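Below is one structure, written out as structure tokens; comments come after it.
The values are calculated or read from the model by the stated rules, or taken from the named source; none is laboratory data. No experiment lies behind these values; they were computed from the predicted model shown. Glycine gets a Cβ as well: all are built from the backbone with ideal geometry, and neighbour counts include every protein chain shown. Note: accessible area is taken over every heavy atom of the protein model, side chains too, but ligands, DNA and RNA are not part of it. Shrake-Rupley method; radii C 1.70, N 1.55, O 1.52, S 1.80 Å.
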Amino acid sequence: MRSFEKSRAALDRARGSLAGGVSSPFRAKAPVPLYFENGCGARLRDIDGNEYIDYCLAWGPCILGHRHPRLVEALRRQAELPIDYGAQHELEYTVAEQIQAAVPCAERLTLSSSGTEAVQLAMRLVRAASGRNLIVRFEGHYHGWVDSALISYRAAIEQLGPAEAPRAVLGSRGQSPNSAENVLVARWNDPSALESILRQRGGEIAAVMMEPVLCNSGCLLPRPGYLERVRELCDRHGCLLLFDEVITGFRMSLGGAQRHYGVKPDVATFGKAVAGGAAVSVVAGRADILDLLVDGGVAFGGSFNGNPMALACAHATLSELASDGGAALAHANRLGSALMDGIRDLARRHGIALDVRGFGAAFALHFTGRSELHDYRDTLADDTGQLRAFLTRAVEHGVYPVPDGRFYVSAAHTERDAEETLAALARVFATLR
Ligand SMILES: Cc1ncc(COP(=O)(O)O)c(C=O)c1O
């Protein structure tokens, strides 16, 4: 049996200085608090000496796994140079050109550090570009933690209001009470819900914003034709379309969900996997919209924007992902799809009601007997007790998913990792009956 004694002691110590003992309170929700000391490829080792097959990947960014030689080499080279200039250097446009080559909507782009920042800027840009104020967003979608973004994400069932007129639900104490005044909330994956909002208020709506795959509420895919219909509706009502591709970007495909589904938004945000684990985010989109940063009075800044260390990682990551005809992401998605099938099969054999949703490189487990899972409300019947038991036991058996039931698969995961994972999860499922 694994011991987590050293991790537990470290957390106790950390609580005396760091709020909650963690750097991001989301992490405190993990069933077993782990302190890591090293990792390589798809494997991590904690300070008690336990090894894990890592499906958390730092909550998504480590698309090449840990210590990928190309990334290590780029960091080494960059470490001999100044850590930052706060001014221009060649990596900025080199990385911008790589993103432009991959992302259909990226006529122009700008760089920042976190996904939250990128979304904040994207919302400002679409309001400025359209001269309108309202943004339509969807229940269960996560766009960052700031006041303007944290709305109707993981709201409790009693807060949601009627399905045909969902309430905008604030996500935090201390959030400005008027944060929700500038948004309209709808159910996702339901074209008629959006149609009805646009019919009534289309002239006030700057943009429709969404995760094109609902990764933050169980990796739910858009229904066939949904994204195309949203695009059409936006065009009809003169609204912009904003895809938040912080997860799907450089995970679903090198050009994100927009390339995978062939639906081009006006503006898109990227983060997480762009730099393989370093802090880089991106707002990309139509040139006339992004150029508002130059001469359109839209303010934006950031001390760390475009810093060389992070961009060296972005350059190495994007080069690796683009090489060999995109083999790295194809592999991650193929292996992830095989894992999804394997996990479904295990659950069936153990008589556990389980659905697995997503695309290979990102998927999530739903402990539910429901077959219709299309939006956040559909996930509320998931058995959270069983999920929690699964997560605790998965970690005890050496499999480390995101602590909400998501699995991220990297280019570094191997067939052997997948086989070992399924063998470990078979033991986990045997304890869940
Ligand atoms: C879709 C989406 N948008 C925005 C964010 C915020 O990104 P960050 O945590 O880098 O601020 C996240 C983070 O999980 C995300 O999943």
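Considering only residues that are within 19 Å of residue 249 (Cβ to Cβ) and charged (D, E, K, R), look in the range 115-165 and name the one that is least open to solvent (accessible area, probe 1.4 Å).
Top of the filtered list is 137.
Do we find that residue 287 is aliphatic (A, V, I, L, M) and surrounded by 20 or more Cβ atoms within 10 Å (Cβ to Cβ) in this structure?
Details: aliphatic (A, V, I, L, M): yes; surrounded by 20 or more Cβ atoms within 10 Å (Cβ to Cβ): no.
No; evaluated as a whole, the condition is false for this residue.
Can you give me the number of residues within the range 105-160 that are within 14 Å of the ligand (Cβ to nearest atom), assigned to a helix (DSSP H, G or I) and closer than 15 Å to residue 184 by Cβ?
1
Check whether at least one residue in the range 340-347 is touching a helix residue (DSSP H, G or I) at 6+ places or on another chain (Cβ under 9 Å), buried (at least 20 other Cβ atoms within 10 Å of the Cβ) and part of a strand (DSSP E or B), and report yes or no.
No - not one qualifying residue is present in the range 340-347.
Within the range 213-223, is even one residue among the charged types (D, E, K, R), open to solvent by 10 Å² or more (accessible area, probe 1.4 Å), within 12 Å of the ligand (Cβ to nearest atom) and within 24 Å of the chain's Cα centre (by Cα)?
no
I'm told residue 180 meets every condition in (1) more than 16 Å from the ligand (Cβ to nearest atom); (2) modelled with pLDDT of 95 or more; (3) outside any loop (DSSP other than H, G, I, E, B) except one. Can you identify the failing condition by its number?
(2)
Within the bounds of the range 296-311, is there any residue that is within 16 Å of the ligand (Cβ to nearest atom), in a strand (DSSP E or B), open to solvent by 10 Å² or more (accessible area, probe 1.4 Å) and not assigned by TED's automatic domain parsing to the domain that holds residue 359?
no
Enumerate the pairs (first residue in the range 31-43 and without any contact (Cβ under 8 Å) to a residue 40 or more places away in the chain and within 18 Å of residue 411 (Cα to Cα); second residue anywhere and outside any strand (DSSP E or B) and open to solvent by 20 Å² or more (accessible area, probe 1.4 Å)) with beta-carbon separation below 6 Å, excluding pairs fewer than 6 apart on the same chain, so at least 6 apart or on different chains.
40/67
Go through (1) open to solvent by 40 Å² or more (accessible area, probe 1.4 Å); (2) among the hydroxyl-bearing types (Ser, Thr, Tyr); (3) not in a helix (DSSP H, G or I) for residue 337 and report which single condition fails.
(3)
Given 42, 102, which one is under 24 Å from the mean Cα position of the chain (by Cα), at pLDDT 95 or above, assigned by TED's automatic domain parsing to the domain that holds residue 317 and open to solvent by less than 60 Å² (accessible area, probe 1.4 Å)?
102
Does residue 323 meet the test of being outside any loop (DSSP other than H, G, I, E, B) and closer than 21 Å to residue 227 by Cβ?
Values: outside any loop (DSSP other than H, G, I, E, B): yes; closer than 21 Å to residue 227 by Cβ: no.
Taking the combined requirement at face value, the residue does not satisfy it.
Looking at the range 236-274 only, could you name the residues that are assigned to a strand (DSSP E or B) and either within 16 Å of the ligand (Cβ to nearest atom) or surrounded by fewer than 24 Cβ atoms within 10 Å (Cβ to Cβ) (or both)?
Within the range 236-274, 241, 242, 243, 244, 249, 253, 267, 268, 269, 270 qualify.
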